[in-house]
Amino acid sequence: MLTLLSDEIKKMSHIYPIFEQTLQRSDKEKFLKQKATVFWMVGLSGSGKSTLAKALEKKLFQKGKLTMLLDGDNLRYGLNSNLGFSESDRNENIRRAAEVAKLFLDCGIITICSFISPTEQTRKMAQEIIGKENFKEIYINASISVCEQRDVKGLYKKARMGEIKNFTGIDAPFEPPKNPWLEINTEVMDYDTCLDILVNRVEQEIRFE
């Protein structure tokens, strides 16, 4: 359905994109002295995505980098507040997030995304929107048992009690990335080690040359 909608928009005779007439991403990267990239962090609720994403943003900011953090809960509070947790709504949630990330990318901004992104299909869609060369998938790995023990937001308990439906890992699937750009296992490594690995790898990618 999403593809059909996009195709219909392209057919509209009164739509005239001006992408080629605007300042290019390369101009803005030169101005900011950084290589814009989208770092798409995926994993179960409680895996540590948001914690590491926030810490990464602060570290990069301290080093003089301009960043934008897109968090799943934040977007659902505003832009995606009309979406539920059905399969179609989850897909639309990721589609919108990817389109927003692409806008920041085109502005030369290092964009950090924190979304459960539960299936290969949704992650592939995000990658196609953003562009394979700009999309760096980071798998924040922690087992469902560990995430449930942490239960930082109390969501697993509610899901087990039937108060939350279609909860990823409980009654909705999670497909671990098969070949992520980076995998960080928060189950076996401490927080400082995880953050150091993340920051060092990201810094190599955003270096302006």
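The values are calculated or read from the model by the stated rules, or taken from the named source; none is laboratory data. The model shown is predicted, which means the values in this text are computed figures rather than measured ones. All Cβ positions, glycine included, derive from the backbone under ideal geometry; neighbour counts span all protein chains shown.
Quick one: in region 72-109, of everything that is touching a strand residue (DSSP E or B) at 6+ places or on another chain (Cβ under 8 Å) and of a type in the set (Phe, Trp, Tyr), which residue is modelled with the lowest pLDDT? Out of the qualifying residues, it is PHE85. When region 25-60 is filtered for residues that are under 23 Å from LYS132 (Cβ atoms) and polar (S, T, N, Q), the ones remaining, listed by number, are SER26, GLN34, THR37.
For residues in region 170-198 being within 21 Å of MET125 (Cα to Cα) and either small (Gly, Ala, Ser) or in contact with a Ser or Thr (Cβ under 8 Å, 6 or more places away or on another chain) (or both), which is surrounded by the fewest Cβ atoms within 10 Å (Cβ to Cβ)?
Checked region 170-198; the qualifying residue surrounded by the fewest Cβ atoms within 10 Å (Cβ to Cβ) is PRO173.
Check whether at least one residue in region 122-142 is without any contact (Cβ under 8 Å) to a residue 60 or more places away in the chain, surrounded by fewer than 22 Cβ atoms within 10 Å (Cβ to Cβ), of a type outside the set (Phe, Trp, Tyr) and more than 30 Å from ARG207 (Cβ to Cβ), and report yes or no. Within region 122-142, none of the residues are without any contact (Cβ under 8 Å) to a residue 60 or more places away in the chain, surrounded by fewer than 22 Cβ atoms within 10 Å (Cβ to Cβ), of a type outside the set (Phe, Trp, Tyr) and more than 30 Å from ARG207 (Cβ to Cβ). Entry remark, region 17-38: residues being surrounded by fewer than 23 Cβ atoms within 10 Å (Cβ to Cβ) and under 13 Å from the mean Cα position of the chain (by Cα) number 1 in total. The residues listed here are ILE144, ILE184, ILE197, ILE129; of these, the one that is closer than 13 Å to LEU44 by Cα, within 19 Å of the chain's Cα centre (by Cα) and not hydroxyl-bearing (Ser, Thr, Tyr) is ILE184.
Among the residues of region 199-208 satisfying the criterion of being without any contact (Cβ under 8 Å) to a residue 24 or more places away in the chain and exposed (fewer than 12 other Cβ atoms within 10 Å of the Cβ), which is nearest to GLN34 (Cα to Cα)? Once the filter is applied, the top-ranked residue is GLN204.
Summed over region 39-71, residues that are small (Gly, Ala, Ser), closer than 11 Å to CYS113 by Cα and surrounded by fewer than 20 Cβ atoms within 10 Å (Cβ to Cβ) total 0. When region 168-184 is limited to residues that are out of contact with any strand residue (DSSP E or B) (no Cβ under 8 Å at 6 or more places or on another chain), in contact (Cβ under 8 Å) with a residue 40 or more places away in the chain and assigned to a loop (DSSP other than H, G, I, E, B), the one that is nearest to CYS147 (Cα to Cα) turns out to be GLY169. Any residue that is under 20 Å from GLY84 (Cα atoms), among the aliphatic types (A, V, I, L, M) and in contact with a Lys or Arg (Cβ under 6 Å, 6 or more places away or on another chain) - is there at least one of those in region 169-185? No, because not a single residue in region 169-185 is under 20 Å from GLY84 (Cα atoms), among the aliphatic types (A, V, I, L, M) and in contact with a Lys or Arg (Cβ under 6 Å, 6 or more places away or on another chain). Exactly one residue out of VAL38, VAL42, VAL100 is under 17 Å from ALA172 (Cβ atoms) and β-branched (Val, Ile, Thr): that is VAL42. Here VAL188, VAL152 are screened, and the one residue that is part of a loop (DSSP other than H, G, I, E, B), among the aliphatic types (A, V, I, L, M) and in contact with a Gly (Cβ under 7 Å, 6 or more places away or on another chain) is VAL152. Taking the criterion of being small (Gly, Ala, Ser), assigned to a loop (DSSP other than H, G, I, E, B) and at pLDDT below 95, the only residue of region 11-44 that qualifies is SER13.
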